[in-house]
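The block underneath contains the structure these notes are about, expressed in structure tokens.
The values are calculated or read from the model by the stated rules, or taken from the named source; none is laboratory data. Given the structure is predicted, the values throughout are model-derived calculations rather than measurements. For neighbour counting, all protein chains shown are included, and Cβ atoms are generated from backbone atoms with ideal geometry for every residue, glycine included.
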Amino acid sequence: MRDAEPHPVRLSDYRPPDWLVDTVDLDISLHPTASRVISRLALRRNPEGQPDAPVALDGDGLTLVRLAIAGVPVAGGAFEATPDSLTISVPPADRFVLEVETLVDPTANTQLMGLYRTSGNYCTQCEPEGFRRITYFPDRSDVLAVYTTRIEADREEAPVLLGNGNLVKSGPIEGTSRHYAVWHDPWPKPSYLFALVGGRLAKVPGHFVTASGRPVELGIYVEIGKQDRAGYAMDALKRSMRWDEQAFGREYDLDVFNIVAVSDFNMGAMENKGLNVFNDKYVLATPETATDADYANIEAIIAHEYFHNWTGNRITCRDWFQLCLKEGLTVFRDQEFSSDQRSRPVKRIADVRLLKAQQFTEDAGPLAHPVRPEMYREINNFYTATVYEKGAEVVRMLKTLLGEDGFRSGMDLYFKRHDGHAATIEDFLACFADATGHDLSHFALWYSQSGTPRLEATGTYDGEAGTFRLDVFQSTPPTPGQTDKKPVVIPLALGLVGPNGHDMPLVLEDGRKVDHGVVEITKHRQSFVFTGLGARPVASLNRGFSAPINLSNNLSAADLVFLAAHDSDPFNRFDAIQALALDLLKRGAAEGALPVPDDLIDAALRVLDDPALDPAFKAQALALPGESEVAREIGTNVDPDAVFAARKALRRAFAEALADGFARTYEAMATSGPYSPGAAAAGRRALRNLSLDYLTLPGTPEAIARAQGQFRAADNMTDRFAALAILAQHDVPERRAALDAFYRRFESDPLVTDKWLSLQAQIPEAATLDRVRDLTLLPVFSMSNPNRVRALIGAFATGNPTQFHRLDGQGYDFLADVVLSLDSKNPQVASRLLSAFKTWRQLEPRRAALAERSLRKVADAAGLSDDVADIAMRSLA
Ligand code: B3K
Ligand code: ZN
């Protein structure tokens, strides 16, 4: 809790730690309200620290019981202890063992940071600064130590005791009802990777043998009775382990790898060494309870956390400014994994959709920050789309620039040079520069300059000369704290598509062929002249979304229709359709009436009818840009109702013009046999359900009956929930009946009722806000469970533009009130909700004023957490 403005922490103030810790011996005795933590730290003065510096340890709300040095209690005057720090001004020697005993109350821990309870089990979350809520420690990521953890608990209450590393011994404590387990992790690690779990859990076992023959015992621990839901996660884990060996040469390094699924968790999952802790949403799945999207998320997140073992754990971050060093890189790795397991183009399209929806939006508003920030007031607020998703894009661009082999040699050097270290972005880039001889000093700007670069491209064909001239102009709009922007390095993948639909050769004026179809843009203005072109080509730019930029060009609607049908780059086929749609939607929103969408419909028809295209691709291409994407493209003076109306009109036009195609597709895409979560079957379902959505749009009794029929007959959650979501868009009696039936069927399954809550929070009609308020009163909702809060309140604030941005300001008021009441319980979840206001400055003046008023109400409240205070302050700045 803050008394004043949270203090800024600056990258430029980084100093090496004054004291290092070689080993940590923990003895943790679990108790619901008074868990006893005894920690023995082998402290050593850092020769690189400040001479004569005191031992200064971090704490957060701790109760000190006892302090001893080399076994002898320390006298009261020799140290200073507060709940938030422990200082020994005159340490006894340059090396000594400090013993600290603290008491913590896991039941009272509603922040879910440090040691807390979830469904009666004990678990921990330490990243970034939770370890200090367990014991006093130099709680920073550049203090790496070897941990041994003894965990003791009541046998009945916590029969399973898990820690980092390998199990050393375990057994009963004779004459008591308690037992213990000792875990040892031989790999030095920062405190944020510490974890323990104790509870009544069932183990789903697995086994893996690494490439060099090391057997690894795998375990996924779930609440008792949920064992049958962990099979897919186990399979994904094994595939991840194999893939990291094949794609990056990385093997696992302990005898065991455990995953625990818990139901109260602030984020998706956590990569603690050898003991990943997961939000159960990203582990548990059966065809009856999980959708195709859930399966894909489980696969990606299991992989992501596993991949952290090398990118994050073996090589960690020197300080929290370097967060993208592990997160951007690990997102890149999980994206590559999913691309290899599924369809690469479809995965890329999905990733770019997410990037634009979340990161481009963040970059265009008051919360914009560089991939590597230079200042923070609350580090928890920097686990953002920019650090994660844009961070991954920067790694992807590096690969594009260096090529497959250059990238791999840089990665190999990184693992070799920095294994066991706490590294920086400079260290990372130096490996690629040293391995390939590339100068990456200009490229490094992607880490420090915020904002999404714009690239305006103009192509001109000269028929007589047989040349195509491409003029590009790049600029980056100002962002908070950065007004003057420099040009960045843009690897622009491109092709010139000839009239026959084939790529024409890319030969520059000086006779050089363009390498791998990628030109490097480094200046504000540049021109490229391609020669030897006997016919006018259509330029296909930024293929595969090779750079995370806002591109505009002078292609005509006819050119876009042509690219949608012929481009050899599937991403740009998708993007051509989206560009046609966005243009119509923007004009429709501005003019109050939709222009005639014939070009788009022509392009859409060709995609729908092309038998060579993957159904999953078709489903992506034919899904219109979302309201938020249109709003972001409009940029200023946004009226969410006008955007909604334009989109509704275009959806109707689509439904009408493509009715026959959708009807045929709906029949053709039916799947038979048992449900499989694989990409091929999921793609068919996606296209079939997209067709159902358009077929239902007219709202005729037959159309509603078809959706209702699918809802009732579905043998899997993907089809059942898709039908329910479609019915939910129609104010007909069948909607209530289906919602009620769904609720009755899944009432006792929180992960499924979350879907039901989200769906209702996103209905674009005036009654929704009251409905959301009513839903908060149901027993399936709870303000203390992050998944429930995100499912209902988060979905309302970020997934229902017309209702969150109600003209009476009640959507904003509601969110502000929820944030204020949640803040004292769980500041991380509260501040995440508050960031839904990040687009408020783009709104038309009436809504902007109302949003500002609600934000001010939050900002002015007394006793705010640093988390919420920081977001409120930056949103208003
Ligand atoms: N590293 C964790 C995120 C921790 C978030 C703390 N607020 C999960 C991940 O990115 O893998
Ligand atoms: Zn991560």
(request) Provide a single number: the residues in the stretch 121-162 that are within 16 Å of ligand 1 (Cβ to nearest atom), within 16 Å of I28 (Cα to Cα) and in a loop (DSSP other than H, G, I, E, B). (result) 3
(request) Considering every residue within the stretch 237-259, establish whether at least one is closer than 24 Å to G165 by Cβ, touching a Ser or Thr at 6+ places or on another chain (Cβ under 9 Å) and within 14 Å of ligand 1 (Cβ to nearest atom). (result) no
(request) Go through the residues of the stretch 319-336 one by one and say whether even a single one is within 13 Å of the chain's Cα centre (by Cα), within 14 Å of ligand 2 (Cβ to nearest atom) and hydroxyl-bearing (S, T, Y). (result) yes
(message) Can you confirm whether T87 is among the β-branched types (V, I, T) and not in a loop (DSSP other than H, G, I, E, B)?
(response) yes
(request) State all residues of the stretch 304-316 that are away from ligand 2 (no atom under 11 Å from the Cβ) and outside any loop (DSSP other than H, G, I, E, B); if no residue qualifies, say none. (result) I315, T316
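Rundown of residues vs (1) more than 16 Å from ligand 2 (Cβ to nearest atom); (2) in a strand (DSSP E or B), yes/no style:
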{"site": "N258", "(1), (2)": "yes, yes"}
{"site": "M267", "(1), (2)": "no, no"}
{"site": "T286", "(1), (2)": "yes, no"}
{"site": "T289", "(1), (2)": "yes, no"}
{"site": "N297", "(1), (2)": "no, no"}
{"site": "I302", "(1), (2)": "no, no"}
(message) Of the conditions (1) in contact with a Ser or Thr (Cβ under 9 Å, 6 or more places away or on another chain); (2) farther than 30 Å from A423 by Cα; (3) assigned to a strand (DSSP E or B), T33 satisfies every one except a single condition; which number is it?
(response) (3)
(message) Looking only at the stretch 337-346, how many residues end up being assigned to a helix (DSSP H, G or I) and away from ligand 2 (no atom under 15 Å from the Cβ)?
(response) 6
(message) Here's a check for you: in the stretch 382-429, which residue that is within 16 Å of ligand 2 (Cβ to nearest atom) and among the polar types (S, T, N, Q) is surrounded by the most Cβ atoms within 10 Å (Cβ to Cβ)?
(response) T386
(request) Identify, from the list T696, T700, the residue that is buried (at least 19 other Cβ atoms within 10 Å of the Cβ) and polar (S, T, N, Q). (result) T696
(request) Among residues belonging to the stretch 298-345 that are more than 22 Å from L413 (Cα to Cα) and without any contact (Cβ under 8 Å) to a residue 24 or more places away in the chain, point out the one that is farthest from ligand 1 (Cβ to nearest atom). (result) R344
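Listed here are the residues, each with its yes/no results for (1) in a helix (DSSP H, G or I); (2) in the same structural domain as S343 (by TED's automatic domain parsing); (3) under 24 Å from Q803 (Cβ atoms).
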| position | (1), (2), (3) |
| --- | --- |
| G673 | no, no, no |
| S691 | yes, no, no |
| G709 | yes, no, no |
| R712 | yes, no, no |
| D715 | no, no, no |
| D740 | yes, no, yes |
| D754 | yes, no, yes |
| S758 | yes, no, yes |
| A766 | no, no, yes |
(request) Please find, within the stretch 635-659, the residue that is surrounded by the fewest Cβ atoms within 10 Å (Cβ to Cβ) out of those that are closer than 17 Å to T802 by Cβ and small (G, A, S). (result) A645
(request) Please enumerate the residues belonging to the stretch 365-409 that are assigned to a loop (DSSP other than H, G, I, E, B) and within 15 Å of ligand 1 (Cβ to nearest atom). (result) V371, P373, R377, E378, Y383, T384
(message) Looking at (1) part of a helix (DSSP H, G or I); (2) closer than 18 Å to S628 by Cα; (3) not charged (D, E, K, R), which one does S821 not meet, given that it meets all the others?
(response) (2)
(message) Can you find a residue that is buried (at least 20 other Cβ atoms within 10 Å of the Cβ), in a helix (DSSP H, G or I), in contact (Cβ under 8 Å) with a residue 12 or more places away in the chain and within 11 Å of ligand 1 (Cβ to nearest atom) anywhere in the stretch 347-355?
(response) no
(request) Would you mind telling me which numbered condition in (1) out of contact with any Lys or Arg (no Cβ under 6 Å at 6 or more places or on another chain); (2) more than 30 Å from F321 (Cβ to Cβ); (3) not in a loop (DSSP other than H, G, I, E, B) P188 fails? (result) (2)
(request) Could you list, in sequence order, all residues of the stretch 260-274 that are closer than 30 Å to G410 by Cβ and either in contact with a Leu (Cβ under 6 Å, 6 or more places away or on another chain) or away from ligand 1 (no atom under 16 Å from the Cβ) (or both)? (result) N272, K273, G274
